[in-house]
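Single-structure report; data block below.
Values in this text are rule-based calculations from the coordinates and carry no lab data. Keep in mind the model is a prediction, meaning the values are calculated, not measured. Backbone-built Cβ (ideal geometry, glycine too); neighbour counts: all protein chains shown.
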Amino acid sequence: MKEKELHFDGIDKIILKYLMEDARTPILSIAREIGISGAAIHQRLRKLEAAGLITGSKFIINPKVLGYKTLAFVGIFLDSANKYSAAIIRLKEIPEVIESHYTTGNYAIFIKIMCKDNEHLMKLLNEEIQSIKGVARTETFISLDQQIDRQIKL
């Protein structure tokens with residue numbers, strides 16, 4: 001199925017920029033800023049959602065406040081490519097795994113995990129991730145700092 005090309009104008013871009021900066025920005029405040037009705041903004045947002053450009057909104061929780069201070073990326077080597085689906089099913093059961101990617105290159109799977117500390121990370125690697133059937137070995141990278149965290153520019 002070929003994806004339909006999305007057409008959106010400058011007003012759509014302005015609305016999205018406001019909401020991407022802060023999804024809690026009141027629609028009426030945006031409407032006053034750009035000189036259109038709140039109903040028109042709601043209609044435009046519904047159109048952008050229907051087209052698949054907007055996939056939802058969410059609150060972002062600061063994991064450090066919950067005690068998760070170690071962010072790591074783990075490259076997972078599988079002993080066989082056909083173990084991918086089963087490995088993903090198991091990884092989904094581990095709450096500390098917050099992203100997974102099927103990749104080209106050295107790793108079959110590349111995951112992002114949040115842990116309370118290095119001890120928690122080691123336990124998670126040894127007892128959970130490396131015990132998954134089909135995982136041959138892992139390679140771990142601990143993030144020391146994150147300087148860039150953004151969405152794609154409109």
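On the stretch given as the stretch 1-59, residues that are among the aliphatic types (A, V, I, L, M), more than 13 Å from Leu154 (Cβ to Cβ) and without any contact (Cβ under 8 Å) to a residue 40 or more places away in the chain total 13. For the stretch 111-128, a residue qualifies if it is basic (Lys, Arg), within 21 Å of the chain's Cα centre (by Cα) and not in a strand (DSSP E or B), and exactly one does: Lys116. Scanning the stretch 50-87 for residues that are among the charged types (D, E, K, R) and within 24 Å of the chain's Cα centre (by Cα) turns up Lys58, Lys64, Lys69, Lys83. Scan the stretch 122-145 and report the pairs whose first residue is aromatic (Phe, Trp, Tyr) and whose second residue is assigned to a strand (DSSP E or B) and surrounded by 12 or more Cβ atoms within 10 Å (Cβ to Cβ), with Cβ atoms within less than 6 Å and a gap of 6+ or a chain change. From residues that are aromatic (Phe, Trp, Tyr), the pairs are Phe141/Phe73. For the stretch 94-121, filtered to residues that are surrounded by fewer than 14 Cβ atoms within 10 Å (Cβ to Cβ) and touching a residue at least 40 places away in the same chain (Cβ under 8 Å), the residue that is farthest from Phe77 (Cα to Cα) is Asp117. The set of residues in the stretch 122-154 that are exposed (fewer than 10 other Cβ atoms within 10 Å of the Cβ) and of a type in the set (A, V, I, L, M) comprises Leu144, Ile148, Ile152.
Counting only helices (runs of 4 or more DSSP H) that fall entirely inside the stretch 1-110 and contain at least 3 residues that are closer than 30 Å to Leu124 by Cα, the qualifying elements are 84-92. Do we find a residue being within 30 Å of Met20 (Cβ to Cβ), touching a residue at least 12 places away in the same chain (Cβ under 8 Å) and touching a His at 6+ places or on another chain (Cβ under 8 Å) anywhere in the stretch 64-72? Yes - at least one qualifying residue is present in the stretch 64-72. In this entry, Lys47 is excluded by the filter for residues that are under 19 Å from the mean Cα position of the chain (by Cα) and of a type in the set (D, E, K, R).
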